[in-house]
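Asker: Below is one structure. I have some questions about it.
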Amino acid sequence: GEQESPPGSRFVCTSLPLDAAGAGCPLPPVPMQGGALPPEEELKATVLQLRETVLQQKETIGSQREAIRELTGKLSRCEGADGKSAAGAWKNEVGKGKDTMGDLPRDPAQVIDQLSRTMQTLKDRLESLEHQLRANVSYAALPSDLREMLQRRLGDLERQLLSKVAELEDEKSLLHNETSAHRQKTETALNALLERVSELEKGSSAFKSPDEFKVSLPLRTNYLYGKIKKTLPELYAFTVCLWLRSSASPGIGTPFSYAVPGQANEIVLIEWGNNPIELLINDKVAQLPLFISDGKWHHICITWTTRDGMWEAFQDGEKLGTGENLAPWHPIKPGGVLILGQEQDTVGGRFDATQAFVGEMSQFNIWDRVLKAEDIMNIANCSINMPGNIIPWVDNNVDVFGGATKWPVETCEERLLDL
């Protein structure tokens, strides 16, 4: 159907008013001077009038060319969804087989050229006719036939122009619709994104997944701690990894301790007073070259095997120390208690505030083997998620006591804020 356009944006080409004789270009009546003129004179007068009419039509076509040029200019300034010019986008559409222009040339400039050629042909034919009249040759074409032929030709030209202008209008409308559709799509995507952000903001009070949380131990007391519900089996090797953040001094305290009946210091990681951080296994001690009390998140891994009591210490994915003869040939005893944030003097109790961990920790995992350095680096880089096969970090396996709290957090994201 016909599209409504804003005022001034649609260009309509109209012919000159028709005379009473019917469809065609106006021809003023030949003046009668005392009777009928000779046929050659009458034909000559008609040709002069036709030339005047052609000039008027050329002016009309000129103004229509201006209208087409202006409309084409507007179209080329209208950018499509991909940032290319509208005319280019339209040409691409046509190239894909969506020919909206029938048999007409596809480019406005081609239409102008075609009109110019047609006008030139018409002009040549008129000049030829004049030449024949000057040579006083009797010509078979009667003025009325010539008039009808010329009117038909000019009528065809006008119809082509009107058709081209209508197609340009349709193109403009199509481009407008495509732009609107693209804008609507963009707005829909933005709204969906905003809704997702709102959901995440609202949902931050609940854990997004069972391992995305941290335990916070903000005070140095003998009653804030976390407890792992599962216990350990008998182990001949292990890897313990965790994220921690602390700026406590002197020493960050005890990130974790594992006590069994008859041995309160079966496995302990402790930085106490002005001592370096230490790993205790069956009450034997190794000093670790780790530096973690700068208030930033650090990833710590400790590996140990009963074979020769070999140990390794990793910080943020890098191996910083290794040693041996730490409780060699001693298997880790099963059935004990794992405590986060306190050093046990008896199984599950007798905490000392001076040895308490102050800070936050997350992703405390234990494996029953020595992890490869490559795996440890990938965990520290947050490029893989590897839960411990003996103790994994999951919400329902960690209880907190005495004012210690669990908070939702994605440790890797929080760590980026420290960098």
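Asker: Can Thr118 be described as within 30 Å of Pro39 (Cβ to Cβ), at pLDDT 75 or above and open to solvent by less than 60 Å² (accessible area, probe 1.4 Å)?
Answerer: Yes, satisfied.
Asker: For the list (1) crowded, with 19+ Cβ neighbours inside 10 Å; (2) closer than 21 Å to Ile281 by Cα; (3) of a type in the set (Val, Ile, Thr), I need the number of the one condition that Thr346 fails.
Answerer: (1)
Asker: Quickly run through region 317-338 and pick out the residues that are exposed (fewer than 12 other Cβ atoms within 10 Å of the Cβ) and without any contact (Cβ under 8 Å) to a residue 24 or more places away in the chain.
Answerer: Of everything in region 317-338, those that are exposed (fewer than 12 other Cβ atoms within 10 Å of the Cβ) and without any contact (Cβ under 8 Å) to a residue 24 or more places away in the chain turn out to be Asn325, Trp329.
Asker: Could you check, for region 270-280, whether at least one of its residues is within 14 Å of Ile339 (Cβ to Cβ), at pLDDT 90 or above and assigned to a strand (DSSP E or B)?
Answerer: yes
Asker: Being assigned to a strand (DSSP E or B) and either of a type in the set (A, V, I, L, M, F, W, C) or in contact with a Phe, Trp or Tyr (Cβ under 8 Å, 6 or more places away or on another chain) (or both) is the requirement here; does Asn365 meet it?
Answerer: So Asn365 fits the description; yes.
Asker: Now a separate question. Please determine, by comparing only the residues of region 283-316 that are of a type outside the set (D, E, K, R) and open to solvent by 30 Å² or more (accessible area, probe 1.4 Å), which one is farthest from the chain's Cα centre (by Cα).
Answerer: Val285
Asker: In this structure, is Glu195 among the acidic types (Asp, Glu), at pLDDT below 90 and closer than 23 Å to Trp297 by Cβ?
Answerer: It is false that Glu195 is among the acidic types (Asp, Glu), at pLDDT below 90 and closer than 23 Å to Trp297 by Cβ.
Asker: Another question, then. May I ask you to say which residue of Ser209, Ser204 is at pLDDT below 85, among the hydroxyl-bearing types (Ser, Thr, Tyr), within 34 Å of the chain's Cα centre (by Cα) and surrounded by 12 or more Cβ atoms within 10 Å (Cβ to Cβ)?
Answerer: The conditions single out Ser204.
Asker: Would you call Tyr258 touching a Pro at 6+ places or on another chain (Cβ under 6 Å) and either under 25 Å from Pro218 (Cβ atoms) or surrounded by fewer than 17 Cβ atoms within 10 Å (Cβ to Cβ) (or both)?
Answerer: no
Asker: Which one of these does Tyr225 not meet: (1) over 30 Å from Ile68 (Cβ atoms); (2) among the hydroxyl-bearing types (Ser, Thr, Tyr); (3) not assigned by the TED database to the domain that holds Ala286?
Answerer: (3)
Asker: Something else: Give the residues of region 317-353 that are within 52 Å of the chain's Cα centre (by Cα) and polar (S, T, N, Q), sorted by residue number.
Answerer: Residues satisfying the conditions are Thr322, Gln342.
Asker: Limited to region 212-241, what total is found for residues that are over 14 Å from Val394 (Cβ atoms), in a strand (DSSP E or B) and open to solvent by less than 10 Å² (accessible area, probe 1.4 Å)?
Answerer: 6
The values are calculated or read from the model by the stated rules, or taken from the named source; none is laboratory data. Given the structure is predicted, the values throughout are model-derived calculations rather than measurements. Quick reminder, even Gly has a Cβ in these numbers, built from the backbone with ideal geometry, and neighbours come from all protein chains shown. Each accessible area value is taken on the protein alone, full model and side chains, heavy atoms only, with ligands, DNA and RNA left out. Shrake-Rupley method; radii C 1.70, N 1.55, O 1.52, S 1.80 Å.
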